[in-house]
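What follows is a single structure, written as structure tokens, with notes after it.
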Amino acid sequence: MRGSLPISRRLVFKLRQVGIGTLGSAKSKLFILGCVTLIILAVSNRNRDGSSSLMGWTGDVDISASPRGRYSIVMNTWKRYDLLKKSISHYTSCPKLDSIHIVWSEPDPPSDLLKRYLNHVVRSSSRKDQQVELVFDINKEDSLNNRFKEIKDLKTDAVFSIDDDVIFPCSSVEFAFTVWQSAPDAMVGYVPRMHWVDQKKGDKYKYGGWWSVWWTGTYSMVLSKAAFFHKKYLKLYTDEMPASIKEYVTKNRNCEDIAMSFLVANATSSPPIWVKGKIYEIGSTGISSLGSHGERRTECINKFVDEFGRMPLVPTNMKATDSRNTWFW
């Protein structure tokens, strides 16, 4: 068996013998280090080329080709047609997308010109193996609750809730989708937030924005501006969410995302999952840009705790990362 060592192991063995004999030489040490590095690179390249692999795996797995289901996008928009066009054009090319539902709450219906343009974009950008369906979900009332109305004819279990002013690479969306498939009852998203106990008031809570999450690594919500969840939560929000909370959301034009986080946490008693991903903000205005945003969100949290009768949100420190793109843990 001594003569059957793989070539890389025999070479390393010889190099070790040479190194032991010339240990006092700095040049020899550098020589050995360089040779070992070349061996590692050679073995790595050989595996990548597919000529040799560990248990038949080369590391090149095309997840998008695996028949593991599809998802629907529910996109909230409001009089930002240029942003809507950019977002639709981008997401239509994502591999596992089945349909796009545009939540339309404007007083006037979408123009024929806008419909023709978006339908053309969808037809031209859809992948050959899957024609994406585009639907306008028209609402008579202007309310942020509309983004969580039940969609009766939704074909997929997975819903990707997204605002019209944020864009993620399709690869990031597909990864988040696979994370959701591993935990379909959870909310899986890119924008984490936290609730903190108000140390001064004791029985009250404060809203923690991005910087508090960044500093502590702790979160208890992922915002619905970019999150996957099961379509059953649309029905639950429509039928079971307390009317007082939906009225509060409509009146204050805020916190529908916090309300959905409360709903899911109350149903599962589990935390959401934060997914690492690069976000591109293509809009410059929004509710979060208004003054006293944190104070208003704090009021929402305490209002919802009163309505639910408890604090259902569960803090966590877990973060999902695509290990194929991560060199250092």
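When the stretch 145-162 is filtered for residues that are open to solvent by 30 Å² or more (accessible area, probe 1.4 Å) and over 19 Å from P242 (Cα atoms), the ones remaining, listed by number, are K152, D153, K155, D157. Can you tell me which residue in the stretch 163-199 is surrounded by the most Cβ atoms within 10 Å (Cβ to Cβ), limited to those that are assigned to a loop (DSSP other than H, G, I, E, B) and among the acidic types (D, E)? Residue satisfying both the conditions and the ranking: D164.
Can V249 be described as modelled with pLDDT of 85 or more, open to solvent by less than 60 Å² (accessible area, probe 1.4 Å) and within 24 Å of K79 (Cα to Cα)? For V249, the condition - modelled with pLDDT of 85 or more, open to solvent by less than 60 Å² (accessible area, probe 1.4 Å) and within 24 Å of K79 (Cα to Cα) - is met. Restricting attention to the stretch 152-162, the residues that are closer than 22 Å to C255 by Cβ and in a loop (DSSP other than H, G, I, E, B) add up to 0.
Count of the stretch 286-317 residues, restricted to those that are at pLDDT 95 or above and under 20 Å from the mean Cα position of the chain (by Cα), is 5.
If you go through the stretch 213-237 and keep only what is open to solvent by less than 30 Å² (accessible area, probe 1.4 Å), of a type outside the set (V, I, T), under 27 Å from R147 (Cα atoms) and not in a strand (DSSP E or B), you end up with S220, L223, S224, Y233, L234, Y237. Here I162 fits the description: under 12 Å from I73 (Cβ atoms) and in contact (Cβ under 8 Å) with a residue 24 or more places away in the chain.
Selection of first residues in the stretch 99-127 that are within 16 Å of D137 (Cβ to Cβ) and of second residues that are of a type in the set (S, T, N, Q) and assigned to a helix (DSSP H, G or I), restricted to Cβ pairs under 8 Å at least 6 apart or on distinct chains, gives the following pairs, ordered by first then second residue: V103/N146; S105/N146. Number of residues in the stretch 117-134 that are in contact with a helix residue (DSSP H, G or I) (Cβ under 7 Å, 6 or more places away or on another chain), farther than 18 Å from D82 by Cα and in a helix (DSSP H, G or I) equals 0.
The values are calculated or read from the model by the stated rules, or taken from the named source; none is laboratory data. A quick note: this is a predicted structure, and the numbers were derived from the prediction, not measured. Using ideal geometry, Cβ is built from the backbone for each residue, glycine included, and neighbour counts are taken over all protein chains shown. Surface accessibility is based on the protein's heavy atoms, side chains included, excluding ligands, DNA and RNA. Shrake-Rupley method; radii C 1.70, N 1.55, O 1.52, S 1.80 Å.
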